[in-house]
Amino acid sequence: MKRLDALWRYQLADLEYDKLENQLKNSKSRQNLLRIRKFLIDQQERLLIMEKDAEKKHERVKKMTAQFDQCKTRFKELEEGYGDAPKDDLDSVNTLLNEYTKVQGEIVLIRRELYGMIQDIKGVESKLSEMRAKITKARKDFARYKDEHNKELEASADELRRLQSAVKKVEKEVDAALLERYKEIKKNRSAPLALIEADQCGGCNMTLPSLMVSQVQEGNRIFECENCGRILYDQS
């Protein structure tokens, strides 16, 4: 028996396990779960930012409303003061008129800004309402797809355990150093072992030196493809 025979059997079992595991990871229900989870995280972050922005706008409106009320009160006082002012005291009359005009202008500006702020708040609240509705729907969809995926996992649990058991059983027959190298290569290659096919690496199709092919066939030494790094294996 060649040194790599057990490792080859290990890879066959390992790839079978990976195949089922990847099917579950890439299932439609799980992909929908990941998509909706990302959507919910993004929307929650946006919602928080918009709610804080809306809160600041409401505070600004409250302050402006208070300023508006103060201006209206002062405007009324000036109107009453103008009516009571002696008409022959031109300095007093002019002072009142100037302040009256100033306060009147402030009222116009505040009213205009208040209107713009209120319209802005209405727009923000409309978007917030729409966003909350989308989040509510997404949560329901997430729960539905999670239930679907859990059923998929449950249905495949026995088969996964069987395949995992098969992997562990063959693993006991594999040389520890070879197994360690196999796992290191697997970080970059899904199948760390490659068959030699027509003097080529079955992983990347690079033509191999005849001497190397012969030595791999003898099975006494371990060779890796210089191009893709896979461990070369001859099944003959």
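All of the numbers you see were taken from the coordinates with simple rules; none came from a lab. What you see is a predicted model, and the numbers here were worked out from it, not measured in a lab. Virtual Cβ from ideal backbone geometry, glycine too; neighbours counted across all protein chains shown.
For the chain, the mean residue ellipticity at 222 nm estimated from helices alone is -28000 deg cm²/dmol, where every DSSP H run of n ≥ 4 contributes -39500 (n - 2.57) and the total is divided by all residues, rounded to the nearest 500.
With neighbours defined as other Cβ atoms within 10 Å of a residue's Cβ, the residues His149, His58 order from fewest to most as His58, His149. Put in line by how crowded their Cβ is, counting other Cβ atoms within 10 Å and starting with the fewest, Asp42, Asp175 read Asp42, Asp175.
Determine, for Leu179, Leu34, Leu193, the number of other Cβ atoms within 10 Å of each Cβ, and report the residues in order from fewest to most. Display every interim value, and only then the final one.
Numbers: Leu179 15, Leu34 11, Leu193 23.
So the ranking, lowest neighbour count to highest, is Leu34, Leu179, Leu193.
The slack in the chain from Leu47 to Glu77, taken as 0.36 nm per residue of separation less the alpha-carbon distance, amounts to 6.3 nm. Shape class for region 9-174: prolate, because the ratio a/c of the largest to smallest gyration tensor axis (alpha-carbon atoms, square roots of eigenvalues) is 1.5 or more and a/b beats b/c.
Once label points are set 7 Å from the Cα along Cα→Cβ at both Asp147 and Glu184, what is their separation, rounded to one decimal in nm? It works out to 4.9 nm between the two label points. Pull out a ≥ b ≥ c, the square roots of the eigenvalues of the alpha-carbon gyration tensor of region 179-233, then state rounded if a/c is under 1.5, prolate if not and a/b is larger than b/c, and oblate in the remaining case. Oblate shape, in that a/c is at least 1.5 and b/c is the bigger or equal ratio. Listed cross-link partners Lys146/Lys183; Lys19/Lys187; Lys76/Lys102; Lys56/Lys102; Lys72/Lys122 are compared with a 20 Å cut-off, the Cα-Cα value being larger for Lys146/Lys183; Lys56/Lys102; Lys72/Lys122. The Cys residues in the chain with no partner Cys Cβ within less than 4.7 Å of their Cβ are Cys71.
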